[in-house]
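Colleague: Next up is a structure, given as C-alpha cells.
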Amino acid sequence: MQNKIKKIIVIGLGYIGLPTASLLATKGYQVVGIDIDEDAVNTINNGGVHIVEPELDILVKSAVNSGNLKASLVPEEGDVFIIAVPTPFKEDCVPDLSYVETATSTIAPYVGEGDLVILESTSPVGTTERVRDILAEEKPELFQNIRGRSQGKIMVAHCPERVLPGQILKELVSNDRIIGGVDRDSGEKTAEFYKSFVSGQIFLTDARTAELAKLTENSFRDINIAFANELSLICDKLNINVWELISLANRHPRVNILQPGPGVGGHCIAVDPWFIVNSAPEHATLIRTARNVNDSKPAYVIQKVKAKADRFKSPKIACFGLAFKADIDDLRESPALRIVRALLSEGIGTLFIVEPNIPELPTDLQESPEVVFVDAHSALEQADIIVGLVDHKEFKLMDLDLLKEKIVIDLRGMWR
C-alpha cells in the first residue's frame, strides 16, 4: 500500500491532525498539514508544536527534520486527504458541520481520480455522505450516477479517532479502528491504508454505523459519569461521603461506578451525545438526561462555593485546575473554566487560579484584576477557600496538612 500512496494531506493541525500527520511522516509518507492558523503553521515548520501532548514535540521535530512533514495554509494534490477539523455544536446543541463542509470544499480542487478522502472528525450520522455529496457537486466529473446513487471515482470513508489526551501517540497506533466507507471499495481501500501504521485491529462497516459507533462510545461514558455526578448530589443532600460510598459499592464484583467531578468537558464526551439527541430526539431520552445532569453540575458547584464564600467579607478563593481533565492543557468545554468564569462574573471575591499545564490564563481572565495566576504554594498561603476542580498529579501529591485551616471543596476526591 505504501508504494501506491506516497503523499498525504491532513486538514486541521489540532490535537488529532498534528499527531496523525507527524506519525504518518515518520512512517515514510510525504505529509502536508493544512491549517488556517498562520502562527501554528510557522511553528510546525520550525519544528515546534502549538499544543501540549507528551512526546509530540519530539515526533514533530523528527518529522519536519526528515523532510517528510511540512505545514501550509493551502492544500496540495495528494493521494490521501484526511479531514481532522472541529465538529462543535451551535445554539440549542445543533451540530455545526461548517468546518467539515469548508474543509471538503477547500480540498475539492486538489482531489483526483483514485484518491482517498477520509473523515476522522467525530460527526453526526450522515456527515461522511455529506462529504461525498460536496465532492460530487464540486467535481462532478469524478462521480457517476448508478441506480440513483452517486458512485465516485474517488474513495470516501469515515474513520473516527478514539484516542485519549495524554496517550494520543501511543493510541493512534495501538487502538482498534472502525472504518466505514460510503461504499465497499472505499472501506476496503481505507482499511488497507490504516493497516500500514495501526497495530490494532481494523473493523469494516458502513459510514453511518462508524459515525454512530463513535458517538455511542462517548455517550456510554457520559451516562456513566452522570450517574456518579448524580450520586454526589444525593450524598450531599444526605450528608454521606460520596467517595466512601462509591468505593464500597465498587466492591461488588459486577459494579464499577466512576468518580464524580465538577461536570464533563472536552471535545468529545461533552459534545458527541448531543449529535445523537439531534438525530433522534424522540428516542434519545436517557442520553439527553445524562447530558443535562452533567451540564448542570457546574451550576451546583458554583452555588456551593458561594455558600462558603458568604462567611467572609472579601473571600479569597483558590481554584485548583482549569483543564477539562487531569494532566493535560486542554481547556475545551472545561467545566472548571466555566465555574471560574461564573465566579468571576458574580464578583464573589479574589480568585487564585492554579493550572500547572498552561503558560498563561485565557485572555478574559488575564484582564480581570480579581484573578491571579499563581502556583499551588502561593494559592494555599493566601486563600480562605480551596476548590479542587481537576485532579492533576501535582495536586494529589500536596501535603494535606496545608489544607487543615482552610475550607476545602474537593470535587475530585483528591484530598480525602
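The values are calculated or read from the model by the stated rules, or taken from the named source; none is laboratory data. Note that this is a predicted model, so its numbers are computed, not measured. Cβ atoms come from the backbone with ideal geometry, glycine included; neighbour counts cover every protein chain shown. These area figures cover heavy atoms from the full protein model, side chains too; ligands, DNA and RNA do not enter into them. Shrake-Rupley method; radii C 1.70, N 1.55, O 1.52, S 1.80 Å.
Colleague: Please name all residue pairs, on different chains or six or more residues apart, with Cβ atoms under 6 Å, provided the first residue is in region 106-118 and is touching a residue at least 40 places away in the same chain (Cβ under 8 Å) and the second residue is of a type in the set (Lys, Arg).
Modeller: 113/153; 116/189
Colleague: Kindly indicate whether any position in region 191-198 is open to solvent by 30 Å² or more (accessible area, probe 1.4 Å), assigned to a helix (DSSP H, G or I), modelled with pLDDT of 95 or more and out of contact with any helix residue (DSSP H, G or I) (no Cβ under 9 Å at 6 or more places or on another chain). Don't jump to the end; show me each part of the working.
Modeller: Within region 191-198, the first condition is being open to solvent by 30 Å² or more (accessible area, probe 1.4 Å), and the residues that meet it are 192, 195-196.
Right, trim to assigned to a helix (DSSP H, G or I) and you get 192.
Now restrict to residues that are modelled with pLDDT of 95 or more: 192.
Checking the rest, the ones that are also out of contact with any helix residue (DSSP H, G or I) (no Cβ under 9 Å at 6 or more places or on another chain) come to 192.
The answer is yes, given that some residue of region 191-198 is open to solvent by 30 Å² or more (accessible area, probe 1.4 Å), assigned to a helix (DSSP H, G or I), modelled with pLDDT of 95 or more and out of contact with any helix residue (DSSP H, G or I) (no Cβ under 9 Å at 6 or more places or on another chain).
Colleague: Tell me, which helices (runs of 4 or more DSSP H) lie completely within region 6-99 with 2 or more residues that are open to solvent by 50 Å² or more (accessible area, probe 1.4 Å)? Break it down stepwise before answering.
Modeller: On the way: elements: 17-26, 38-45, 56-65.
By residue number, 38-45, 56-65.
Colleague: Also, quick follow-up: If the Cβ limit is 6 Å and pairs must be 6+ apart or interchain, which residue in region 332-355 that is over 12 Å from residue 315 (Cα atoms) and at pLDDT 95 or above pairs with which residue that is assigned to a helix (DSSP H, G or I) and open to solvent by 10 Å² or more (accessible area, probe 1.4 Å)?
Modeller: Once the first residue is over 12 Å from residue 315 (Cα atoms) and at pLDDT 95 or above and sits in region 332-355, its partners that are assigned to a helix (DSSP H, G or I) and open to solvent by 10 Å² or more (accessible area, probe 1.4 Å) give 339/302; 342/302; 354/376.
Colleague: Can you find, within region 164-185, the residue that is farthest from residue 82 (Cα to Cα) among those that are open to solvent by less than 40 Å² (accessible area, probe 1.4 Å) and in a loop (DSSP other than H, G, I, E, B)?
Modeller: 166
Colleague: Is region 232-244 home to any residue that is more than 25 Å from residue 414 (Cβ to Cβ) and surrounded by fewer than 15 Cβ atoms within 10 Å (Cβ to Cβ)?
Modeller: Of region 232-244, the ones more than 25 Å from residue 414 (Cβ to Cβ) are none.
Looking for residues that are more than 25 Å from residue 414 (Cβ to Cβ) and surrounded by fewer than 15 Cβ atoms within 10 Å (Cβ to Cβ), one finds none in region 232-244, hence no.
Colleague: What's the number of the condition residue 372 fails, among (1) open to solvent by 20 Å² or more (accessible area, probe 1.4 Å); (2) assigned to a loop (DSSP other than H, G, I, E, B); (3) at pLDDT 95 or above; (4) touching a Phe, Trp or Tyr at 6+ places or on another chain (Cβ under 6 Å)?
Modeller: Result: residue 372 passes all but (2).
Colleague: Out of everything in region 199-226 that is part of a helix (DSSP H, G or I) and free of Cβ contacts under 8 Å to residues at least 40 places away in the same chain, what residue ends up being least open to solvent (accessible area, probe 1.4 Å)?
Modeller: Filtering region 199-226 for residues part of a helix (DSSP H, G or I) gives 207-226.
Now narrow it down to the ones that are free of Cβ contacts under 8 Å to residues at least 40 places away in the same chain: 209, 220, 224.
Working: 209: 70, 220: 136, 224: 54 Å².
Going through the qualifying residues, I end up with 224.
Colleague: Considering each of 247, 296 in turn, give the residue that is out of contact with any Lys or Arg (no Cβ under 9 Å at 6 or more places or on another chain), open to solvent by 10 Å² or more (accessible area, probe 1.4 Å), under 16 Å from residue 413 (Cα atoms) and part of a helix (DSSP H, G or I). First the steps, then the outcome.
Modeller: Working: 296 fails: under 16 Å from residue 413 (Cα atoms).
Result of the check over 247, 296: 247.
For (1) open to solvent by less than 10 Å² (accessible area, probe 1.4 Å); (2) assigned to a helix (DSSP H, G or I), each residue gets a yes or a no:
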| residue | (1), (2) |
| --- | --- |
| 324 | no, no |
| 332 | no, no |
| 336 | yes, yes |
| 380 | no, yes |
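Colleague: Any residue in region 107-128 that is of a type in the set (D, E, K, R), open to solvent by 50 Å² or more (accessible area, probe 1.4 Å) and not in a helix (DSSP H, G or I)?
Modeller: So in region 107-128, the residues of a type in the set (D, E, K, R) come out as 113, 115, 120.
Subset that is open to solvent by 50 Å² or more (accessible area, probe 1.4 Å): 113.
If we keep only those that are not in a helix (DSSP H, G or I) too, we end up with 113.
Yes, that holds for at least one residue.
Colleague: A further question follows. Six or more apart or on different chains, Cβ atoms under 6 Å: show the pairs whose first residue is in region 304-320 and under 19 Å from residue 338 (Cα atoms) and whose second is open to solvent by 60 Å² or more (accessible area, probe 1.4 Å) and of a type outside the set (Ser, Thr, Tyr).
Modeller: Within 6 Å, the pairs are 316/382.
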